[in-house]
């Protein structure tokens with residue numbers, strides 16, 4: 001009998017202010033340190049919905065409180081780093097928020113070196129490839145509701 005396929009789910013919140021998005025500079029996490037990334041993102045925990053994870057991450061990482069009705073689905077990205085294991089394949093649920101309560105601030109200074117607003121037309125370097133895909137397609141108005149990256153039928157975009 002073939003082993004069941006597994007993948008790792010994560011939830012992202014793209015905070016938007018006009019044409020700007022809120023990004024954090026990752027540090028001391030062991031994953032993509034030194035990269036600018038969505039200000040709120042993290043793994044979906046056991047027994048937690050993607051929506052609940054997005055709301056939790058928004059609060060934990062930025063201090064912002066988002067009403068669940070103000071968190072809009074943006075895109076779902078199924079991606080692979082080329083391996084067959086669960087850690088090599090992921091599904092990312094991207095949400096958009098344009099309304100929230102509070103002022104964005106660094107809540108986890110050990111993991112976040114900076115938090116800044118950037119125009120979608122002038123994103124900083126470097127950004128994790130899958131997040132760049134979402135943000136650039138968002139800016140261009142071409143972000144699909146469901147996308148895949150890193151599979152043979154749809155390779156990751158190259159430089």
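The values are calculated or read from the model by the stated rules, or taken from the named source; none is laboratory data. Quick caveat, the model's predicted, so the values are computed rather than measured. Every residue, glycine among them, receives a Cβ derived from its backbone with ideal geometry; neighbour counts consider all protein chains shown.
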For residue 52, indicate whether it is under 15 Å from the mean Cα position of the chain (by Cα), surrounded by 16 or more Cβ atoms within 10 Å (Cβ to Cβ) and either at pLDDT 95 or above or in a loop (DSSP other than H, G, I, E, B) (or both). no
With respect to residue 90, is the statement that it is touching a strand residue (DSSP E or B) at 6+ places or on another chain (Cβ under 7 Å), at pLDDT below 95 and either within 20 Å of residue 126 (Cα to Cα) or not in a strand (DSSP E or B) (or both) true? no
Here's a check for you: in region 55-87, which residue that is closer than 27 Å to residue 140 by Cβ and modelled with pLDDT under 95 is surrounded by the fewest Cβ atoms within 10 Å (Cβ to Cβ)? 82
In region 60-69, the residues that are touching a strand residue (DSSP E or B) at 6+ places or on another chain (Cβ under 6 Å) and either assigned to a helix (DSSP H, G or I) or more than 18 Å from residue 17 (Cα to Cα) (or both): 61, 62
Go through region 10-43 and count every residue that is farther than 15 Å from residue 113 by Cα and either exposed (fewer than 15 other Cβ atoms within 10 Å of the Cβ) or over 11 Å from the mean Cα position of the chain (by Cα) (or both). 7
